[in-house]
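Below you'll find the structure, written out as structure tokens, and then a few comments.
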């Protein structure tokens, strides 16, 4: 067999096996998460430290969610994710960490009592949405923004049921919300009801109450 054809066949076989690896990751995730009920997905920076104001607020919120019958799902890493898993665990609730393999920053935190490892970002993103009854977004970077706008797009286009999307941290998110209203909305790129898909709330207690208005346990 010519070398070029051999390489083509080998690459084709590798692509075929990748499909099975993707299927296996989906199956494992669904089996692990199928018993997780009333989950709130919490996102935020992996770089936040325990001294950070939002780390403390996240821990408080997650503890209250657990005490009120909610499960908590995070990306399983450090920072805000660690705070959320820690708070949920201390509150006696289900604390899920969905860790992604990355070359830096992302290491599993020890506070998740259900831990799942992912190779593929898109599978993890599906699981965040599939099992969430609400999203809470703390200050973060590109990954946090990605999860926020992924959820908003799916809700806006009615590909998923609508659920509460809360931004915690008015100082951090205020400029973004202003831009949505003064630029995107004013220029007709989004509709007025699209802006209302997001609520900015600073107090963890108020976040809990807002979620409870939409979620019946």
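Brief remarks on what is shown
- Using the Stokes-Einstein relation with a Kirkwood hydrodynamic radius computed over Cα pairs, the translational diffusion coefficient of the stretch 83-142 at 10 °C and a viscosity of 1.306 mPa s comes to 125 µm²/s.
- Degrees between helix 142-156 axis and first principal axis of the chain (Cα, 0 to 90, nearest 10): 80
- Annotation for residue 26 and residue 14: the two label points, set 7 Å from Cα along the Cα-Cβ direction, are 2.3 nm apart.
- Mean projection area, nm², convex hull over Cα of the stretch 107-184: 6.5
- Normalised by the number of residues in the stretch 37-214, the mean separation of alpha-carbon contacts (under 8 Å, six or more apart) gives a relative contact order of 21 percent.
- One compactness figure for the chain is 1.12, namely its Cα radius of gyration divided by 2.2 N^0.38 Å.
- Both radii are taken from the alpha-carbon atoms of the stretch 142-217; with Rh as the Kirkwood radius, Rg/Rh is 0.96.
- Crossing angle, helix 204-214 versus the chain [Cα axis fit, 0-90 degrees, rounded to tens]: 70
- 0 to 90° range, to nearest 10: angle between helix 170-179 axis and the chain longest Cα axis: 70
- Helical contribution to [θ] at 222 nm, DSSP H n ≥ 4, -39,500 (n - 2.57), averaged over the chain, rounded to 500: -15500 deg cm²/dmol
- Inverse of mean 1/r across different Cα pairs in the stretch 33-91, Kirkwood, Å: 11.0
- By other beta-carbon atoms within 10 Å, ranking 154, 102, 65 with the fewest at the front produces 102, 154, 65.
- A full extension of the chain between residue 153 and residue 53 corresponds to an added length of 33.1 nm, given 0.36 nm per residue minus the alpha carbon distance.
Read-outs throughout are calculated quantities, based only on the coordinates presented, and are distinct from any laboratory measurement. Keep in mind that what you see is a predicted model, and the values were worked out from it rather than measured. FYI the Cβ positions are ideal-geometry reconstructions off the backbone, even for glycines, and counts take in every protein chain you see.
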